[in-house]
Amino acid sequence: ENALQTLAGRSQAQFTRPTSAERLEAGREALNEGHLGQALTLFSEAAELNPEDPWPWHGRGDALLSEADAQGALEAYDQAAKLAPESGLVEVGRGNALERLGRNEEAVAAWRLALQREPGLEWARAGLSRHGALHATEEDE
């Protein structure tokens, strides 16, 4: 009975599980600290909690790319692209994975699409620059 009284006095917030957003944030922190396995787990949990959110998939792509699993990363970024078809940032991830897979023409196309969607994405410019394609993109604008 004493335990029941103790539990009854706690707020509901003390019993709630972390949200998708909290897991996503924790996944980003784990990724930044180099804890790739932990990051993948947290991103997977975030995706399960909120299947319509593209950012856990994007995070998975980043973690898998860090693990040198470019094919897995591309699959994760593709899932994010289905959920956020107008995102330039997702296309940057796709471009990076495609580049690692040696699919450079597709990578350049992804980075160009990223800049069309979000002109300020420096990561897309860096990818294009690595392939000598930045100047051509700027002439097209």
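Placing pseudo-labels 7 Å out from each Cα toward the beta carbon at GLU25 and GLU118 gives an inter-label distance of 1.9 nm.
Annotation: amide H-H contacts under 5 Å for ASP53 (H modelled 1.01 Å from N, sequence separation of 5 or more, or interchain): none. Only Cα pairs under 8 Å and 6+ residues apart enter the sum, and on that basis the relative contact order of region 53-112 stands at 30 percent.
How much of the calculated P(r) for region 38-141 lies past 16 Å, in percent of all Cα pairs? Everything past 16 Å amounts to 54 percent. Taking 7 Å steps out from each Cα toward its Cβ at GLU86 and ASN104 produces label points 3.4 nm apart.
None of the figures in this text is laboratory data; all of them are computed from the coordinates on show. Small disclaimer: the values here were computed from a predicted structure and weren't measured. Heads up, the Cβs are rebuilt from the backbone with ideal geometry, glycines too, and the neighbour counts pull from every protein chain shown.
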